[in-house]
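The values are calculated or read from the model by the stated rules, or taken from the named source; none is laboratory data. Predicted, not measured: the structure shown is a model, and the values here were computed from it. Using ideal geometry, Cβ is built from the backbone for each residue, glycine included, and neighbour counts are taken over all protein chains shown.
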Amino acid sequence: MSNDNEVLLDEEKRNDLKVKEERKVDRKEERKEGEPTSAFKGASWAALLVGVASYLIGLFNATMQLNEKGFYFAVLVFGLYSAISLQKAVRDKDEGIPVTNIYYGISWFALIVSIALMAIGLYNAGSIILSEKGFFSMAFVLSLFAAITVQKNIRDTQRARDRG
């Protein structure tokens, strides 16, 4: 009797393993070729949310005048938009989608200006200490990079779904 029970248990374990393997295969088939993994998409969105939220919370708690806070907020929005716009223009050119030279140039110019405005603003900010300047710099760079990555993931996902 115990041998029969062991055989049944072994058979059940094999069946359980088969079911688990089939589920893994099903999950792999859900993701199209060229599509980023869910983990990478989630990490990109998390980085964007952490970067922007940290920047905004730091700005809210900063002891600077309201017009200064408005400047730093506008620089963040301008930087995010210009980074996404540049990523799209670069990607379009790479894929053979027509992009005018003026748009491509303006996209680069806007990103450079947003970074320069941030650097110049922080360099000349007398009301915030050096560690706060570093904090704002890092949150700004994290936000820009994450925005580019999120845009790339959205584009890759859309392209993979359109293909197949």
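Let me confirm something: among 126, 96, which residue is over 18 Å from residue 156 (Cβ atoms) and assigned by TED's automatic domain parsing to the domain that holds residue 156?
After applying the criteria, what remains is 126.
Could you list, in sequence order, the residues of the stretch 64-86 that are of a type in the set (S, T, N, Q), in contact (Cβ under 8 Å) with a residue 12 or more places away in the chain and in a helix (DSSP H, G or I)?
Within the stretch 64-86, 82, 85 qualify.
Does the stretch 150-164 contain any residue that is at pLDDT 95 or above, of a type in the set (S, T, N, Q) and within 22 Å of the chain's Cα centre (by Cα)?
Checking the stretch 150-164: not a single residue is at pLDDT 95 or above, of a type in the set (S, T, N, Q) and within 22 Å of the chain's Cα centre (by Cα).
Return yes when residue 128 is surrounded by 16 or more Cβ atoms within 10 Å (Cβ to Cβ) and of a type in the set (Val, Ile, Thr) and no when it is not.
yes
For the condition over 20 Å from residue 60 (Cα atoms) and outside any helix (DSSP H, G or I), what is the one hit in 113, 99, 150, 90?
Within the list 113, 99, 150, 90, the selection yields 99.
Do the conditions hold for residue 128, that is, is it modelled with pLDDT under 95 and not basic (Lys, Arg)?
Judged against the criteria, residue 128 is a match.
Give the stretch 61-72 a look and list any residue that's farther than 10 Å from residue 118 by Cα and either in contact with a helix residue (DSSP H, G or I) (Cβ under 7 Å, 6 or more places away or on another chain) or not β-branched (Val, Ile, Thr) (or both), or say none.
61, 62, 64, 65, 66, 67, 68, 69, 70
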